[in-house]
Every structure is written in C-alpha cells, then in structure tokens.
1. Dividing the convex hull volume of the alpha carbon atoms of the stretch 63-138 by its residue count, what do you get in Å³ per residue?
2. With unit charges on the beta carbon (Lys/Arg positive, Asp/Glu negative), name the residue among PRO136, ALA273, ALA285 whose Cα is farthest towards the positive pole of the charge dipole of the chain.
3. I want to check the label-to-label distance for ARG22 and GLU212. Put each point 7 Å from Cα in the C-beta direction and report it in nm to one decimal.
4. Report the label-to-label distance for THR338 and ILE220 in nanometres (one decimal), using points 7 Å from each Cα along the Cα→Cβ vector.
5. For the stretch 247-253, just list the computed ³J(HN,Hα) in residue order, Karplus coefficients 6.51, -1.76 and 1.60, θ = phi - 60°, integers in Hz, with x standing in for Gly and Pro.
6. Just to be sure I follow the rule: in the stretch 157-306, considering lysines 8 or more places apart or on different chains, how many pairs have Cα atoms under 29 Å apart?
7. For the stretch 11-77, divide the Cα radius of gyration by the Kirkwood radius and give the resulting Rg/Rh value with two decimals.
8. If you put +1 on each Lys and Arg Cβ and -1 on each Asp and Glu Cβ, how big is the dipole of the chain around its Cα centre, in Debye rounded to 20?
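Only the coordinates and a few stated rules stand behind these numbers; no lab work does. Since the model is a prediction, treat every value here as computed from it, not as a measurement. Don't worry about glycine lacking a Cβ; one is built from the backbone with ideal geometry, like all the others, and counts go over all protein chains shown.
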Amino acid sequence: MSEFEVFSSIDEAEPHWRVLERKAAGTPFQRFAWMASYARAISAALGAKPAILLLRGADRQPAAIMPLEIIRLGGLTLLRSMGGKHASFHVPLATAEGAAILADNSPHLLRLVSERTGGADLALLTHQPFEMDGAPNPLARASVFATTGHAYETALALPAEAFFSAKVSADARKKLRKKRKALEKIGPIDARRLVEPAEIETALTAFLSQRERRSWARTIPNPFADAPIHAFLRAATKPAEGQDAAIELHALRCGERIIAVFGLASGFSRASAMFTSFDDDPAIARLSPGNILLHEMVRDLIGRGFKRFDLGVGEARYKSALCDREVALAHCGTPLTTLGRAALPLLRESWRLESAIKSSNRLTRFANRARLALRASS
C-alpha cells in the first residue's frame with residue numbers, strides 16, 4: 001500500500017488538495033473551497049475535528065484525498081464523511097491510481113486514520129454513489145449497510161434548445177412560456193448567474209427569507225435556520241482570488257424583486273443543485289418562477305461547457321421531469337470497536353425508519369411537527 005498522511009487541519013491539507021484538483025476526478029463537493037467553507041463554519045460549530053486522509057502514489061505525489069472528520073455523538077465516536085447532508089455525494093478526490101488503492105484498502109485505511117486521531121468506534125461513509133460519471137466508486141466496496149435512495153442527474157449537451165426538446169414535452173414548454181409572459185406583465189424578467197458580492201448577498205438574504213416563510217407556512221423545520229449554515233453559505237458563495245466560488249447563485253428577478261434563487265456546487269464539469277427557493281406570493285408562485293429559473297440556469301450551464309447536472313437527493317416531480325438518470329446511494333460502515341459493532345445495526349434500523357417516515361405523508365407531517373415543537377422548546 002502507498003504512503004499516507006492524516007491532517008487534523010484543513011489548511012495543512014490545502015497544498016496537496018490543490019494539486020489533486022488539477023489532475024483527479026471528483027464532484028463539486030470535493031473542491032477545497034467547498035469543504036473548507038463547511039469545515040470552518042458547520043464542522044467547527046458541531047465540535048467535529050478534521051481527519052483528512054491523503055494518499056500518495058508510486059511517484060510520492062498526491063493520489064487521493066478523503067475529507068473525513070471525528071465527532072462524538074450520543075456516546076459514540078464517529079469517523080465520518082465531512083460535508084453531511086449538504087453534500088449530495090461523498091466520493092474521494094482521486095486519480096486512477098488513488099481510486100485503485102482505496103478500492104483495495106479502504107477498511108484498513110479507515111482503521112489507520114482512527115488510530116492516528118485518537119480512536120473512533122465506527123467509520124461512517126454516507127451518501128456513497130455506487131458509481132459516479134461512469135466509474136465505480138472505490139468506497140462503495142466498503143461495508144454497505146443501508147441504501148438511501150438516489151439522486152437525479154442528466155448529461156448536458158449542445159445546443160440547449162435541442163436538450164430541452166429531448167427532455168421536456170412541447171406542451172410543458174408552451175405552458176412555461178405562457179407563465180413567463182405572465183410574469184413579464186408584472187415586471188421585467190432577468191435570470192442570471194450572480195458574480196458581484198453585493199448581488200450575491202442580496203440573493204442570499206432573499207433565499208433565507210423565502211425559505212423561512214415557506215417553512216412556517218407548511219409547518220416544517222427550516223434546515224437553513226441556524227447561524228453556522230448562514231456562515232457556510234456566505235463563505236462558500238464568496239469567490240476566492242482567481243477562483244470561482246464553491247457555490248454559485250442564480251436568481252430570477254421580476255422588476256427589482258428576487259422571485260427565485262438556486263444555489264449550485266460547481267466543478268469538475270458538473271453542477272450539483274444544493275438549494276432553491278421562490279417567492280410565496282400567490283400571484284408569483286402560480287407562475288412557476290423556480291421552474292423558469294431552472295431552465296435558464298441549465299441553458300447557462302450548457303453554454304459554459306458543463307457536462308453533467310444533478311438536482312440532488314430526494315424525490316420531487318421537477319427533478320424527474322428534467323433528469324433522466326437515477327444515481328443510487330448508500331451508507332457504508334466499518335466498525336472499529338465493540339461499541340461500533342453494536343451500534344451499526346441500530347443505525348441501520350434508524351435509517352430504515354427515516355426512510356419509512358419520508359415515504360408516508362402522514363408520518364412526515366407528524367415528524368415535522370415534533371421537530372418544530374422541540375426547536376421551540378429549546
């Protein structure tokens with residue numbers, strides 16, 4: 001097996017990470033800018049500590065990076081994928097050589113990382129696609145203990161109009177054009193990717209406000225309510241010098257009013273939708289501003305040369321309407337102690353229960369009310 005290092009600071013790993021970004025395969029969620037924003041805002045707030053695995057190839061150059069973190073939860077110490085539910089895919093950033101090393105040695109390497117970082121009970125690799133962009137995910141050869149649904153993706157192709165003709169029926173396209181014309185009667189329409197800091201901040205503020213109002217209107221928890229999430233979004237949408245932001249924002253304006261927002265993680269010729277919102281004013285909402293922005297955003301991505309686009313994890317009609325491929329996902333677990341072996345079946349059962357709740361509207365409503373009540377009492 002090749003040489004490896006474990007970094008307890010994401011800044012220490014940065015030089016090696018930047019080398020790999022130029023020659024390795026991954027998804028936008030494995031970009032250094034994305035993971036650094038997450039680690040500094042959300043991981044730090046949760047008390048998680050980075051445990052970043054670097055593999056070197058036969059030439060001693062960086063061959064793979066696995067962004068991991070150590071966290072103590074409910075009496076259990078986890079070595080887990082960094083990025084949580086905000087990342088749709090937790091694949092390694094790896095060259096072909098690095099992927100081969102990981103495929104053959106993942107459980108052993110996870111034990112070595114645990115030993116170097118003080119010891120964990122369980123290594124938990126979440127949101128693992130069985131394959132990504134036509135290549136097998138080397139980490140999915142670890143112990144798969146729970147399937148977790150799928151993400152929706154599509155290949156992008158020029159020209160844009162031919163792409164939409166193939167994906168969306170003529171009737172659906174006609175209806176969307178009518179809705180756009182109806183919006184234009186309210187005010188001038190402008191859909192575009194945002195690059196200026198002031199307009200990015202304005203769009204983020206609009207997004208957070210729209211999500212908050214929609215959550216309360218539907219009596220569901222708002223996953224974007226907490227300050228660490230706000231800090232993460234603000235850091236990740238800020239472009240570094242000479243580099244694109246880890247999360248790009250697209251907005252649809254009607255006059256001076258932002259009526260829809262999309263946030264995308266972008267990189268490695270892929271754009272991954274992370275979040276969206278729209279104005280809940282009935283006069284606006286009935287005209288499908290989110291769908292109008294989605295189509296304009298995909299046109300922009302095709303024009304910029306992106307090859308793949310995905311709409312993330314979870315069921316939604318607008319996802320399957322545009323994306324023609326499902327990416328199957330799983331959680332992989334490697335017990336590292338007796339406690340970890342005992343905990344793994346309990347975690348499997350908790351995910352089975354979570355899946356059952358999500359598939360039942362009645363159970364989902366009950367669970368949402370319970371979460372809101374707990375949040376209000378805390």
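1. For the stretch 63-138, the hull spanned by Cα atoms encloses 88 Å³ per residue.
2. ALA285
3. That separation, rounded to one decimal, is 4.4 nm.
4. So the two model labels end up 4.4 nm from each other.
5. Using θ = phi - 60°, the values come out as 10, 9, 10, 10, 9, 10, 9 Hz.
6. Going through the stretch 157-306 pair by pair, I get 7.
7. 1.02
8. Computed charge dipole of the chain: roughly 1500 debye.
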